[in-house]
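A short worksheet on the structure shown next.
The values are calculated or read from the model by the stated rules, or taken from the named source; none is laboratory data. From a predicted model like this one, the values you see are computed outputs, not experimental measurements. Note that each Cβ is placed from the backbone with ideal geometry, even for glycine, and that neighbours are counted across all protein chains shown. Only protein heavy atoms, including side chains, enter the accessible area calculation; ligands, DNA and RNA are left aside. Shrake-Rupley method; radii C 1.70, N 1.55, O 1.52, S 1.80 Å.
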Amino acid sequence: MIRLSNIEKRFGELTVLKGVSVTVAEGRVTALIGPSGGGKSTLLRCINLLEIPTSGTVRIGEEELSFQPGGKPTWKDIQRLRGQTGMVFQNFQLFPHRTAVENVMEGLVTVQKWPAEKARERAMALLHKVGMAHKADAWPATLSGGQQQRVAIARALAPSPRVLLCDEPTSALDPELSGEVVEVLGTLAAEGTTMVMATHDLRLASRIAHEVVFLDGGEVVETGPSRELFTHPKRERTQRFIATLTQQGQQGEGV
Amino acid sequence: MLHWLTLMADSLPSLLWAALVFTVPLTLASFALGLTVGLVAAVVRLFGPAPLAAVVRFYVWIIRGTPLLVQLFLIFYGLPSVGIVLDAFPAALIGFTLNVGAYTSEIIRAVIGSVPKGQWEAAYSIGMSWSQAMRRTILPQAARVAVPPLSNTFISLVKDTSLAAAITVPELFQAAQRIVATSYEPLILYVEAALIYLALSSILSALQVRLERRFGQYGGFLEAKS
């Protein structure tokens, strides 16, 4: 289980998250939706501590860490939590100087000190899972965006994280390429992978997410099961946002 | 004409010897040491505490802002006045190292900064520490961008070592000067010395091409046509 309690994040004068609390059950997929600047990416990055919350508590499984203004968590504490997570980025961020399979092996070899042979075996199995085994020795620069993102998913899964965090995983892809990524994420969801994703992609959210959290202005406006929230949003603010998403979808504009 | 050729052939061994024993070691040692100084200075400027970063900025300001020849004179002729007496070769080595360190620190700072922030985050996201991310992810990508500007520094350095002649290091250029003093043939001797410098820097240019190829194998960048 992942529990974010009262997460506040300030960048100087700007308060991006105003006491957000979200709970994600094991094996469930939660989508964070909302307008740009609403705080969904920041919230996601507070889970693996790429952003350190100004205050609040992050709990992942057995590991918990609380934050206070002015306090600085130790490296060990950060690693303790971060080790429970894997992350997929909007712009893939594969290591360009390593081949596809080396990208997937990197965490296992460098961080977990696995022997190369064993790491390669696991990496190949993961590449197989995301349908990229045939490109194991390719350089990232020679892969399409969808292919790069699938390798990135394999890389994030390599250390067997408790939760997979996806930050706009399809936003940099055209509808066709994002389709391959949605498919892979859908398979993972069906297998019971716990995921939290920030997304604008209605297709991704409606197809994969069990729960949806709508964030605006650094606050949770509404939360609920995805079908319900997408079809019968309760709050007026949510209705307006869902309406713009569906409109875009119907016009076929990158959703 | 024949006289010139004979003179060239006769002087070649002593010039090559001076290059081999002084110019080349001085260049290699001060580049290696200077690069280390530059790397540390760059990391301090980017990641170190503010007071230390200010010290580095001061160092770069002084070294870049004053003539190399003056720095060499200060180290070799000036320091004895405060009780620090150095032999010519170590004095030159220190001078060139400090010089290379200042210039390469700016190059290294720029190329480390040129690696996208997302690469740090990707490295952190799979559990790497700062030093693992630096070593495994950032420096290899920075190195590729650094090859052309670092090659500039390296090639400049080969030629700049001729300044060591002025503080009595018997390197290539001084060897040529000494032969001129007895043969009265400055044109031929200095052309000969220039050709040897050209040969040395050509080797470095070739090395640059090979390094660029090696670092460039993963593609995604615009390559030189030839």
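Connecting C-alpha atoms closer than 10 Å in a GNM of chain B, tell me which of B:I108, B:I75, B:I188 has the biggest fluctuation. For chain B, modelled as a Gaussian network with Cα springs under 10 Å, the answer is B:I188. Averaging the Cα positions of each part gives two centres, and for the range B:94-164 and the range A:18-60 these lie 36 Å apart. Computed over chain A with a Gaussian network model linking Cα atoms closer than 10 Å, the most mobile of A:T199, A:T110, A:T23 is A:T110. Can you give the FRET efficiency to the nearest 0.05 for B:V85 and A:T74, using r as the Cβ-Cβ distance and R₀ = 51 Å? With a Förster radius of 51 Å, E is 0.55. Taking every DSSP bridge with both residues inside the range A:139-255, close to 60 percent are antiparallel. Loop-resident GluC sites (Glu not before Pro) (DSSP state other than H, G, I, E or B) in the range B:151-226 with no more than 12 further Cβ atoms inside 10 Å of their Cβ: B:E223. Past 32 Å, Cα to Cα, is the threshold; run A:K18/B:K117; A:K40/A:K129; A:K76/A:K234; B:K159/B:K225; A:K72/A:K135; A:K113/B:K117 against it and keep the listed order. Violating the 32 Å Cα-Cα cut-off are A:K76/A:K234; A:K72/A:K135. Against chain B, whose longest principal axis comes from its Cα atoms, helix B:139-160 is set at around 20 degrees. Note on the protein assembly as shown: helix-only mean residue ellipticity at 222 nm, from DSSP H runs of 4+ residues weighted -39500 (n - 2.57) and normalised by residue number, equals -17500 deg cm²/dmol.
Between B and A, roughly 2000 Å² of accessible area is buried in total, ligands, DNA and RNA not counted and the probe set to 1.4 Å. Mind listing, in residue-number order, the residues in the range B:200-220 that have at least 30 Å² less accessible area with every protein chain present than in their own chain alone (1.4 Å probe)? Flagged in the range B:200-220: B:Q217, B:Y218.
The 3J(HN,Hα) values that the Karplus relation (6.51, -1.76, 1.60; θ = phi - 60°) gives for the range A:179-192 are, in residue order, x, 5, 6, 4, 4, 4, 5, x, 4, 4, 4, 4, 7, x Hz. Gly and Pro appear as x. Counting only protein heavy atoms and a 1.4 Å probe, the protein assembly as shown has 48 square angstrom of accessible area per residue. Two decimals is fine: what's Rg over Rh for the protein assembly as shown, C-alpha atoms, Kirkwood radius as Rh? A ratio of 1.14.
Cα gyration tensor of chain B, axes a ≥ b ≥ c as square roots of the eigenvalues: rounded (a/c below 1.5), prolate (a/b > b/c) or oblate? Because a/c hits 1.5 or more and a/b fails to exceed b/c, chain B counts as oblate. Between the amide H of A:T170 and any residue lying 5 or more places away or on another chain, no distance stays under 5 Å, with hydrogens modeled in the peptide plane. Relative to the longest principal axis of the Cα atoms of chain B, the long axis of helix B:24-47 lies at roughly 30 degrees.
Of all DSSP bridge pairs formed entirely within the protein assembly as shown, close to 60 percent run antiparallel. Note on chain A: GNM, Cα springs under 10 Å; of A:R207, A:R240, A:R28, the largest mean-square fluctuation is that of A:R240.
Each residue of the range A:217-228 was assigned a 3J(HN,Hα) from its phi angle through the Karplus curve 6.51 cos²θ - 1.76 cosθ + 1.60 (θ = phi - 60°); the sequence is x, x, 10, 7, 7, 7, 9, x, x, 4, 4, 5 Hz, with glycine and proline shown as x. Each of A:R237 and B:N152 was given a label point 7 Å from its Cα along the Cα-to-Cβ line. The distance between the two points is 5.2 nm. On full extension, the segment bounded by A:A190 and A:A116 gains 23.6 nm, given 0.36 nm per residue less the C-alpha separation.
Against the main long axis of the alpha-carbon atoms of chain B, helix B:2-18 sits at an angle near 50°.
Model label points for B:L222 and A:R227, set 7 angstrom from Cα along the Cα-to-Cβ axis, are 5.4 nm apart. Residues whose amide H falls under 5 Å from that of A:E222, counting only those 5 or more places apart or on a different chain, are A:F214, with hydrogens built in the peptide plane.
Each label was represented as a point 7 Å from its Cα along the Cα-to-Cβ direction; for B:S14 and B:F73 these points are 2.7 nm apart. Taking the protein heavy atoms of the range B:66-155 in the context of the full set of protein chains, the accessible area attributed to carbon and sulfur is 70 percent at 1.4 Å. The GluC sites (Glu not before Pro) of the range A:56-102 that DSSP puts in a loop, and whose beta carbon has at most 12 other beta carbons within 10 Å, are A:E62. Computed over the range A:123-255, the convex hull of the alpha-carbon atoms projects to a mean area of 8.7 nm². Once the Cα-Cα distance is subtracted from the 0.36 nm per residue extended length, the B:A54 to B:S202 segment shows a gain of 49.6 nm.
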